[in-house]
Amino acid sequence: MQQKGLTMRRLFSQSNLVPARLPAAILSAAFVLGMTASGQAFATPKEVNLASSAEALAYCKAGKMAKTDIAYFNGASGISQYGAKGCPQQSPKGKVRLALANNGKKTSECYLASPTQAVKLCNDGGVGEYDIDLIAGKVGQTLSGPGYGCVVNFSTSSIGNAICR
């Protein structure tokens, strides 16, 4: 296609648009937003309050969880909300990567921080002195706050917080 003696290639080279780079730019913009269909990402890891059993069940029954999602809520023994039919609440056997956070107004899923990310947040003062937070990994994997030495451990007691990324 020609326009006043210029080809399309020359038109694009004279502008800042490069057609081959457009899809990458769109993907980059989506990545920067940090949102996915099943989980929320934070710019930096942070400590969150876990949803109650009732809040987790209501969130699932409202159809807000993917059928394959398994997310911690406030409870003992790594109890988790399953997004599967019937929204069962039970302790999973494998690894858990999501949590159901509640800020007092709404419940949402978030991705759990890795042990490395959690320890860094703890050492940087982002975790309560004697808090114990669920983190990504095997069922019940936790980070103990600075009062306990920012140690990664496991807990079967009731846990009310998680560290999300």
- Scan of the stretch 59-110 for residues that are among the hydroxyl-bearing types (Ser, Thr, Tyr) and touching a strand residue (DSSP E or B) at 6+ places or on another chain (Cβ under 8 Å), ordered by number: Tyr59, Tyr72, Ser80, Tyr82, Ser91, Thr107, Ser108
- Task: Just give me the residues in the stretch 56-73 being assigned to a helix (DSSP H, G or I) and not hydrophobic (A, V, I, L, M, F, W, C), in sequence order.
- Result: Tyr59, Lys61
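Per-residue answers, yes or no, for (1) modelled with pLDDT under 95; (2) under 21 Å from the mean Cα position of the chain (by Cα); (3) among the β-branched types (Val, Ile, Thr):
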position	(1), (2), (3)
Cys122	no, yes, no
Asp133	no, yes, no
Gly145	no, yes, no
Val152	no, yes, yes
Thr156	yes, no, yes
- Message: For the stretch 102-165, give me every one of the strands (runs of 3 or more DSSP E) that falls completely inside it and has 2 or more residues that are more than 21 Å from Ala58 (Cβ to Cβ).
- Response: 132-134, 141-144, 152-154
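The values are calculated or read from the model by the stated rules, or taken from the named source; none is laboratory data. Only a predicted model underlies this, so the values are computations on that prediction, with no experimental measurement involved. Note that we place each Cβ from the backbone using ideal geometry, even for glycine, and neighbour counts take in every protein chain shown.
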